[in-house]
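Q: Dumping the structure here so I can ask a few things about it.
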Amino acid sequence: VSVLRNQPEDALKHLASSAQSPGTKLPGHEYELLATQGRALRLLGRREEAKAVLEKASAFAEFETARLGPRVRVDLGHLAAEEGDFLTAEKHFEEALELDEDEPEAKQALALTKRKVAWKSSVEASAEARVEAANAEAEAMKLDADGIVIEALEQQLKALKAKGITPKFIYTIPTIQN
């Protein structure tokens, strides 16, 4: 309930209490704990922790059920989208909808992600056309979550210089990777 009320900190406290409570747990209890904990951590911006918890939940049999499986897939999709990996996000949202074709959050997230994938493809095609129009040669750069890996850029520039090539510019796409 705390997660639904946008109170993920409270949710984590209640989940910790539930995990420690004595007595017999109903089937699916641990999966529900992990799924809810993963969502709360995601809402708090603690992505790495959320991803680890959600991936742990994905090992449970409940992950394959129409009632419980979509939620974890939706959260994994949101995490992938937040990292800019829209193709993986799209896959998670589609898997959620395969389990429950009426899952509203998966429907909405998939539609938005498909638009982002199409937009990204359009921007990449535009960049390729500009390089070609300039009669230039393109060199791919190593990327991480923050964009171009500067150390790899330095190495590539040194390698090009050793070949007698002087780069004229570096073209980046600031709204996607950089």
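Q: Counting only residues that are at negative phi and at pLDDT below 80, which one in the range 145-156 is most open to solvent (accessible area, probe 1.4 Å)?
A: Our first condition is that a residue be at negative phi; within the range 145-156, this holds for 145-146, 148-156.
Of the ones still in play, those that are also at pLDDT below 80 are 145-146.
On the way: ALA145: 96, ASP146: 131 Å².
Ranking the candidates gives ASP146 first.
Q: Taking LEU99 as meeting all but one of (1) farther than 23 Å from ASP146 by Cβ; (2) open to solvent by 40 Å² or more (accessible area, probe 1.4 Å); (3) out of contact with any Ser or Thr (no Cβ under 9 Å at 6 or more places or on another chain), write down the number of the exception.
A: The number of the failed condition is (3).
Q: If only one of LYS56, LYS51, LYS25 is basic (Lys, Arg) and over 26 Å from the mean Cα position of the chain (by Cα), which one is it?
A: Every option except LYS25 fails the conditions.
Q: Just wondering, is there one or more residues in the range 119-129 that are in contact with a helix residue (DSSP H, G or I) (Cβ under 8 Å, 6 or more places away or on another chain) and among the aliphatic types (A, V, I, L, M)?
A: No, the range 119-129 contains no residue that is in contact with a helix residue (DSSP H, G or I) (Cβ under 8 Å, 6 or more places away or on another chain) and among the aliphatic types (A, V, I, L, M).
Q: So VAL117 clears everything in (1) closer than 30 Å to ALA40 by Cα; (2) part of a loop (DSSP other than H, G, I, E, B); (3) aliphatic (A, V, I, L, M) except one condition, right? Which one?
A: Failing condition for VAL117: (2).
Q: Of ALA61, ALA19, ALA89, which residue is open to solvent by less than 20 Å² (accessible area, probe 1.4 Å) and either over 20 Å from the mean Cα position of the chain (by Cα) or aliphatic (A, V, I, L, M) (or both)?
A: Only one candidate passes the filter, namely ALA89.
Q: Considering only the range 22-53, state which residues are assigned to a loop (DSSP other than H, G, I, E, B), open to solvent by 70 Å² or more (accessible area, probe 1.4 Å) and either within 19 Å of PHE63 (Cα to Cα) or in contact with a Ser or Thr (Cβ under 8 Å, 6 or more places away or on another chain) (or both).
A: Of everything in the range 22-53, those that are assigned to a loop (DSSP other than H, G, I, E, B), open to solvent by 70 Å² or more (accessible area, probe 1.4 Å) and either within 19 Å of PHE63 (Cα to Cα) or in contact with a Ser or Thr (Cβ under 8 Å, 6 or more places away or on another chain) (or both) turn out to be LYS25, LEU26, PRO27.
Q: Sticking with this structure for a sec: Of all residues in the range 102-124 being charged (D, E, K, R) and open to solvent by 60 Å² or more (accessible area, probe 1.4 Å), which is nearest to ALA66 (Cα to Cα)?
A: It comes out as ASP102.
Q: Residues ALA159, ALA127: which one is assigned to a helix (DSSP H, G or I), open to solvent by less than 90 Å² (accessible area, probe 1.4 Å) and either at pLDDT 75 or above or over 30 Å from LEU76 (Cβ atoms) (or both)?
A: ALA159
Q: Between residues in the range 79-106 that are polar (S, T, N, Q) and residues that are assigned to a helix (DSSP H, G or I) and buried (at least 20 other Cβ atoms within 10 Å of the Cβ), which pairs lie under 8 Å by C-beta distance while being six or more apart or on different chains?
A: Hits for this filter: THR88/GLY77; THR88/ALA80.
The values are calculated or read from the model by the stated rules, or taken from the named source; none is laboratory data. Here the structure is a predicted model, which is why all the values come from computation and not from measurement. Note that each Cβ is placed from the backbone with ideal geometry, even for glycine, and that neighbours are counted across all protein chains shown. For accessibility, only protein heavy atoms count, side chains too; no ligands or nucleic acids. Shrake-Rupley method; radii C 1.70, N 1.55, O 1.52, S 1.80 Å.
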